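*Asks:* Dropping the structure in here first, questions after.
The values are calculated or read from the model by the stated rules, or taken from the named source; none is laboratory data. Predicted model, so just to flag it, every value in this text is computed and none were measured. Backbone-built Cβ (ideal geometry, glycine too); neighbour counts: all protein chains shown.
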Amino acid sequence: MRVTFLLAGETDLDTLRTLDPDRDEAALQRGERAWVLQTYLRLARAGHPVELAGVAPRDGVIVFHVKQRGFLRRLDAPGRAILLGIRADNRTSGFCDFEVVQNGCFADDRRVFFIPFWPQPALAPRDPGRGGRIERICFKGFVDNLDPAFRTPQFVRALADRGVALEVHGVPWRRAADRDDHLAWGNYNDVDLVLAVRPPDRRLHTSKPASKLINAWHAGVPALLGSEYAYRELRRGPLDYLEVATPDDALAAVDRLRSDPALYRAMVDNGRQRAGRFTHEAVLDRWVKLLFQTLPIRLSAPRPIVDRRVPLPVRWALREAVRVACRRPTR
């Protein structure tokens, strides 16, 4: 079955096809490229029969980021295309035949499938020579995603009193275009603790991935993380990460790790073991299984209630009616 990864509007596809996802990390930071282009590149480099296009074909599986769903307006007529939307941080797209989500909260393994986001490309792990010292705690990401309570002078001063410096490797989301020049998201060489606490959300940020935890495991750095569905979903024991909700929680966690070097080492060792399930190869295997095993089986089953020959706006309305009737969430 033909599988096309769609980057709507991209014109220099020949250049994009030559990128190395482990070397050209800066070109893969935007959401659409991080998901769609990186996945295409890794599948293609592994020898799988996938294509990259800037215009949607009329048939086969089309893999696209739901933020780029504007192309769907040109597919209103019935066609043979099978739409696989990557939801990422967005709401569900009723136009899609299938969706990929970045945690398991809304996955049903029938129409919606959980595939973890790719680990940070070209990640540089913590220098083992730093031992158990705790001198730098780092947040990596857009600063809007760090709870303001962890950016106050009081918190920074309380850390400094313990000999710990807070470093924020990030820019505001509105300056996302500047991120290549300002961020070192893959460099954990001198990072002793990872901090990632979003502003509180009663739904536990169910649209977000567990990337900061997975990257911390790969980097060999213990993590202090907020209350999020994706982190809790992966948690298997107390060594996976320390959950914190307030600056006082974080300071208590820092004090605990500084006073117990054995706990620090145990968290590092545990993280390296857990990271084995979230390597680039492991994520690639999940994509291969979905595209070349699971979807063909699904598509060979008896015709679904919402037929692909139904025009897309009608298809969306029917799916939305079913969702409302069943009271299914959309995130």
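*Asks:* Do we find that residue 216 is small (Gly, Ala, Ser) and within 21 Å of the chain's Cα centre (by Cα) in this structure?
*Replies:* Details: small (Gly, Ala, Ser): yes; within 21 Å of the chain's Cα centre (by Cα): yes.
Considered against the rule, which asks whether it is small (Gly, Ala, Ser) and within 21 Å of the chain's Cα centre (by Cα), residue 216 comes out as yes.
*Asks:* In addition: Considering only residues of region 9-43 that are part of a loop (DSSP other than H, G, I, E, B) and of a type in the set (Ser, Thr, Tyr), which is modelled with the lowest pLDDT?
*Replies:* Kept after step one, since they are part of a loop (DSSP other than H, G, I, E, B), are these residues of region 9-43: 9-12, 18-24, 29-30.
From what's left, of a type in the set (Ser, Thr, Tyr): 11, 18.
Working: 11: 85, 18: 97.
Only one residue fits best here, namely 11.
*Asks:* State all residues of region 196-225 that are of a type outside the set (A, V, I, L, M, F, W, C) and under 15 Å from residue 116 (Cα atoms); if no residue qualifies, say none. Give the steps one after another, and end with the answer.
*Replies:* So in region 196-225, the residues of a type outside the set (A, V, I, L, M, F, W, C) come out as 198-203, 205-209, 211-212, 215, 218, 220, 222.
Correct list: 206, 207, 208, 209, 211, 212, 215, 218.
*Asks:* Go through (1) closer than 23 Å to residue 89 by Cβ; (2) at pLDDT below 95; (3) not in a loop (DSSP other than H, G, I, E, B) for residue 203 and report which single condition fails.
*Replies:* For residue 203, the failing item is (3).
Here's the yes/no breakdown for (1) small (Gly, Ala, Ser); (2) out of contact with any Leu (no Cβ under 8 Å at 6 or more places or on another chain); (3) closer than 27 Å to residue 229 by Cα:
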residue: 80; (1), (2), (3): no, yes, no
residue: 87; (1), (2), (3): no, yes, yes
residue: 129; (1), (2), (3): yes, yes, no
residue: 135; (1), (2), (3): no, yes, no
residue: 141; (1), (2), (3): yes, yes, yes
residue: 162; (1), (2), (3): no, no, no
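*Asks:* Still on this structure, I have one more. Please count how many residues of region 75-95 are modelled with pLDDT of 75 or more, of a type outside the set (A, V, I, L, M, F, W, C) and closer than 15 Å to residue 111 by Cα. Lay out the reasoning, then the answer.
*Replies:* Just the residues of region 75-95 that are modelled with pLDDT of 75 or more, to begin with: 80-92, 95.
From what is left, the residues that are of a type outside the set (A, V, I, L, M, F, W, C) are 80, 85, 87, 89-92.
Then drop every residue that is not closer than 15 Å to residue 111 by Cα, which leaves 85, 87, 91-92.
Residues meeting the conditions: 4.
*Asks:* In the set 184, 245, which member is in contact with a Ser or Thr (Cβ under 7 Å, 6 or more places away or on another chain) and either assigned to a loop (DSSP other than H, G, I, E, B) or not assigned by TED's automatic domain parsing to the domain that holds residue 157 (or both)?
*Replies:* On the way: 184 fails: in contact with a Ser or Thr (Cβ under 7 Å, 6 or more places away or on another chain).
It is 245.
*Asks:* Please enumerate the residues belonging to region 191-237 that are of a type in the set (Lys, Arg) and buried (at least 24 other Cβ atoms within 10 Å of the Cβ).
*Replies:* Residues of region 191-237 of a type in the set (Lys, Arg): 198, 202-203, 208, 212, 232, 235-236.
Correct list: 212 only.
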